[in-house]
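Structure first, then comments.
The values are calculated or read from the model by the stated rules, or taken from the named source; none is laboratory data. Quantities reported herein were computed from a predicted structural model and do not represent experimental measurements. Positions of Cβ are backbone-derived with ideal geometry, glycine not excepted, and every protein chain shown enters the neighbour counts.
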């Protein structure tokens, strides 16, 4: 009986399947209920006990060979049939080309504007230590920004956190480079805030730093005026209001004339004609000294803005959450901008 299995296996291997008819004939001869393989399985009970193991192994090998040959032939004939049904004269399917995210478009635009006046782009880690995020930036030990309500600390080590601003990269640059320094720092930042139409726990910032001899507040003002006109239009005006930041002294917040209403007043600018866009100021001498820069010889200015807020103003977007939802209907509106 073992010889019958070997003879049937040879028949399976020698059988030529050339078309659909021979494919069906192969199935009937070997794998149908009355096929040779099925009949051999029925004879298994007649095999002597000492031969059952070897007979069963050979029989399973035969079945697998026959089944594989049938399956491969079916796939082959199906592929050929499908190819024959293709009309190669039809036009191809249109491939939709994606576009850059609006935040990427605005970030690149900001980088381009400041590159024209000598600013280079620098990057740093998103997971930072307390020194680079707070201490070196002149934050007091009891400053509320250090609180868990504002900052995502990593639980295993309370001195390690997700950066709350890209000012940490400013510290790293000043620690490793000697003045003059003229650099831009775009990146993603994290704060423990409730998500709403105007706020998110993840957002993007771009900050700038210029450190050299005899840098003045007038240099800061002219730099920001140049940026505002390049980004929002040549008729844009700026306004600087006194403010406070631990790492700059004096400090200011900058407003731009509303590009929607031309300064006449609308719901975007809350009918004031002005829209706040960034914070800025002269680098505090304590920050320079913490980075090993002589504050008596060098001075500098710094500024920072939210890329989401700038993008919302530029494209009149009223909900920050749209930037994170990956809705193609929203994103494809910016295809022409990329």
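Just one of the numbered conditions (1) over 30 Å from residue 325 (Cβ atoms); (2) surrounded by 14 or more Cβ atoms within 10 Å (Cβ to Cβ); (3) in contact (Cβ under 8 Å) with a residue 12 or more places away in the chain is not true of residue 229: (3). Within the stretch 27-50, residues that are part of a loop (DSSP other than H, G, I, E, B) sit with their Cβ atoms under 8 Å from residues that are modelled with pLDDT under 85, at 6+ positions apart or across chains, in these pairs: 32/38; 35/27; 47/1; 47/55. When the stretch 82-105 is filtered for residues that are surrounded by 10 or more Cβ atoms within 10 Å (Cβ to Cβ) and modelled with pLDDT under 80, only 98 remains. Tally the residues that are under 15 Å from residue 191 (Cα atoms), touching a residue at least 24 places away in the same chain (Cβ under 8 Å) and crowded, with 17+ Cβ neighbours inside 10 Å, restricting the search to the stretch 130-158. The total comes to 3.
Scanning the stretch 239-253 for residues that are surrounded by fewer than 19 Cβ atoms within 10 Å (Cβ to Cβ), touching a helix residue (DSSP H, G or I) at 6+ places or on another chain (Cβ under 9 Å) and in a strand (DSSP E or B) turns up 240, 249, 250.
Quick one: is residue 190 in the same structural domain as residue 333 (by TED's automatic domain parsing) and under 30 Å from residue 233 (Cβ atoms)? Here the answer is no, as residue 190 does not meet what is asked. Any residue in the stretch 152-160 that is at pLDDT below 95 and either not assigned by TED's automatic domain parsing to the domain that holds residue 255 or not in a loop (DSSP other than H, G, I, E, B) (or both)? Yes; the residues of the stretch 152-160 include at least one that is at pLDDT below 95 and either not assigned by TED's automatic domain parsing to the domain that holds residue 255 or not in a loop (DSSP other than H, G, I, E, B) (or both). Part of a helix (DSSP H, G or I), at pLDDT below 95 and either in contact with a helix residue (DSSP H, G or I) (Cβ under 8 Å, 6 or more places away or on another chain) or farther than 17 Å from residue 301 by Cα (or both), is that true of residue 145? Yes; evaluated as a whole, the condition is true for this residue. Evaluating residue 161 against the criteria (1) touching a helix residue (DSSP H, G or I) at 6+ places or on another chain (Cβ under 9 Å); (2) over 30 Å from residue 325 (Cβ atoms); (3) free of Cβ contacts under 8 Å to residues at least 40 places away in the same chain leaves one unmet condition, (2).
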